[in-house]
Amino acid sequence: MAQRLATEYVKATLQMSELQLNQFMHSAECCHVHVIVKVLGSGGQEIVLEDESGEEVHFPLESKNGQYFCELSCRLVNPRLTNLVRKLFTDCKGNGVVKRIYQGFTMLYYYEQGSVRKIEEATASGRKLVYQYKHTAGELQRVYQLNDVEQEISRLYQDIDYWLDERNKAETSDEVARIDEKLRQGAAKWFALEA
């Protein structure tokens, strides 16, 4: 199994409430990660997490209407810190690209609202799609709501009724033959659409 060398967050964004922020800082302390809260000159805050190994990650926070917003770009090596940031990222429904770097290849995870939407494998020879989220239930509902076939069947019913009325009015065998052909074509199309 490949050993992960590092994890990179590229322009990852996340949003959290004050309660989520406090819970996160508490869980960081429980994982033996030192938490430092800095107040910036602009009035914002920065949370710094420092592992026993000295590795740090900085979370610049902006507060708006009781919510904290963060744009994060960092590279992590230590598994403890990596797992802590991953948990925060998914719990706070983060958006962005997370690169998991291995010897010889990189896995790119594209997140939306804390869920993986696409995974690509990047090597020296190029990128390969590994996984892509498909909203299957939504797609099925969209197809189910399409009523083009039902409208076509309804139009065919009207056409068949019209040609049956015309057949009753027909006076010559040529007219009857022409109308019978129209009815045969309409019936064949109707059976195909019903199937």
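Details
- With Cα atoms, 0 to 90° folded angle of helix 79-91 axis to the chain main axis: 40 degrees
- Taking all protein chains together and rolling a 1.4 Å probe, Thr13 ends up with roughly 50 Å² accessible.
- Label of the coordinate-derived value, Kirkwood radius over Cα pairs in Å, listed as [x] 21.9; [y] 18.2; [z] 16.9: [x]
- Ordering Asp91, Asp174 by accessible surface, largest first, gives Asp174, Asp91; the 1.4 Å probe counts only protein heavy atoms, with every chain in place.
- Loop-located chymotrypsin sites (Phe, Trp or Tyr not before Pro) in the range 89-136 (DSSP state not H, G, I, E or B) with no more than 14 neighbouring Cβ atoms inside 10 Å: Tyr133.
- When each of Lys11/Lys38; Lys64/Lys87; Lys87/Lys134; Lys38/Lys128 is checked by Cα-Cα distance, pairs over 31 Å: Lys38/Lys128
- Mean residue ellipticity, 222 nm, helices only, the chain: the sum of -39500 (n - 2.57) across DSSP H runs of n ≥ 4, divided by residue count and rounded to 500, is -13500 deg cm²/dmol.
- For the range 29-64, GluC sites (Glu not before Pro) are listed when DSSP marks them as loop and at most 12 other Cβ atoms sit within 10 Å of their Cβ; the list is Glu52.
- Here the range 80-103 and the range 6-66 have alpha carbon centers that stand 13 Å from each other.
- Angle in degrees between helix 148-169 and the longest Cα principal axis of the chain, rounded to the nearest 10: 0 degrees
The values are calculated or read from the model by the stated rules, or taken from the named source; none is laboratory data. These numbers were taken from a predicted model, which means no experiment stands behind them. Using ideal geometry, Cβ is built from the backbone for each residue, glycine included, and neighbour counts are taken over all protein chains shown. The accessibility values were calculated without ligands, DNA or RNA, using every heavy atom of the protein model including side chains. Shrake-Rupley method; radii C 1.70, N 1.55, O 1.52, S 1.80 Å.
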